[in-house]
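Here's the structure, in structure tokens; my notes come after.
Rule-based calculations on the coordinates, nothing more; no lab input. Model, not experiment: these values are computed from the prediction. Here the Cβ positions follow ideal geometry from the backbone for every residue, glycine too, while neighbour counts run over all protein chains shown.
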Amino acid sequence: MQLVIIADIDAAKGTSTTSELATEYADNVTFIECDVTNQESVEDTLGKAKDTYGRLDIISNNAGAMMENDPIGTINLNLCGVIRVAAVAMSYMRADKGGSGGIIINTASLTGVKPSYNCPAYCASKSGVIGFTRSFAMNPDFDLHKVRMNCLCPGMVDTPMIQGVLDEDGKEGRVLNFDRFRYAANLPQLKPSAVADVFIDLVENESKNGAAMLITVEGPPRDIEFPIY
Ligand SMILES: NC(=O)C1=CN([C@@H]2O[C@H](COP(=O)(O)OP(=O)(O)OC[C@H]3O[C@@H](n4cnc5c(N)ncnc54)[C@H](O)[C@@H]3O)[C@@H](O)[C@H]2O)C=CC1
Ligand SMILES: CCCCCC(=O)/C=C/[C@H]1[C@H](O)CC(=O)[C@@H]1CCCCCCC(=O)O
């Protein structure tokens, strides 16, 4: 049986999403309020998850936001949040420390490899997620801990994040040039299910440890090729 914990800083949205899923999956889905920028909150959340279900197998390290009006906060959420969650998750998942191994999938972005002058802090945070993922996955200790790591690099996806920036009509400065963002947001977007499909494939395909998966409307998902030095 698959048991899922949804963890998010937004308790209202997290609770309503969990209730929706409960109609199909009953008690197999639980919500825990969590702030990934706060070490204690992350420890508390993953500790509860381990206590409730006995082990952690799959982590979707997905929290993130676009807020160029707070570049340091952007790095703290999008990059440090990913690293913070991964570190605590590892303490439970490591096969050499009582865990069962598993997989951590970080959400990066196409902007981690394709620069945009409109959101430099966001791009930097997502480049960092890609570098963290690839570096973690090449560690020879994998044979001991048995935790794989991948990242997802989607182009624009039709989610509340994009709509949230558009709704602010440029007032909050979440991007540097609102009109340019509005233009980009009117181009074809991915559906969230396209990203979820790649997530599932990574969970099922053990040969892709370390891959950064590019997901765009232009073609099928692919493993990004990086220069070798
Ligand atoms: N929508 C898009 O075009 C793309 C989004 N992404 C990335 O996908 C991920 C998911 O984003 P979306 O679903 O698009 O946006 P979203 O805004 O719907 O989801 C982001 C979630 O992160 C949560 N969150 C924010 N701060 C948090 C914190 N401190 N602790 C815990 N949770 C927090 C929010 O409450 C929200 O539920 C993000 O990392 C985003 O950067 C990547 C590529 C494209
Ligand atoms: C990177 C998302 C693909 C969208 C189109 C694109 O290639 C870049 C567009 C940028 C344009 O230069 C000016 C902008 O405002 C666009 C940035 C859009 C950022 C998308 C944020 C979501 C994400 O991809 O993580």
Self-check item: In region 83-115, the residues that are among the hydroxyl-bearing types (Ser, Thr, Tyr) and either without any contact (Cβ under 8 Å) to a residue 40 or more places away in the chain or more than 13 Å from ligand 2 (Cβ to nearest atom) (or both)
Solution: Ser91, Tyr92, Ser100, Thr111
Practice problem: Taking only region 187-227 into account, find how many residues are in a loop (DSSP other than H, G, I, E, B) and within 16 Å of ligand 2 (Cβ to nearest atom). | Solution: 7
Quiz item: Taking the condition within 11 Å of ligand 1 (Cβ to nearest atom), in contact with a strand residue (DSSP E or B) (Cβ under 9 Å, 6 or more places away or on another chain) and closer than 16 Å to Asn62 by Cβ, does Val129 pass?
Solution: yes
Exercise. Go through region 79-89 residue by residue and tally those that are in contact with a Phe, Trp or Tyr (Cβ under 7 Å, 6 or more places away or on another chain) and surrounded by 23 or more Cβ atoms within 10 Å (Cβ to Cβ).
Key: 1
Quiz item: Hey, among Tyr122, Tyr183, which residue is more than 15 Å from Glu68 (Cα to Cα), out of contact with any Phe, Trp or Tyr (no Cβ under 7 Å at 6 or more places or on another chain), of a type in the set (Phe, Trp, Tyr) and within 8 Å of ligand 2 (Cβ to nearest atom)?
Solution: Tyr183
Quiz prompt | Selection count, region 173-229, where residues are away from ligand 1 (no atom under 15 Å from the Cβ), among the aliphatic types (A, V, I, L, M) and farther than 16 Å from Met149 by Cα | solution = 2
Practice problem: Residue by residue through region 43-72, note down the ones that are small (Gly, Ala, Ser) and crowded, with 16+ Cβ neighbours inside 10 Å. | Solution: Ala49, Ser60, Ala63, Gly64, Ala65
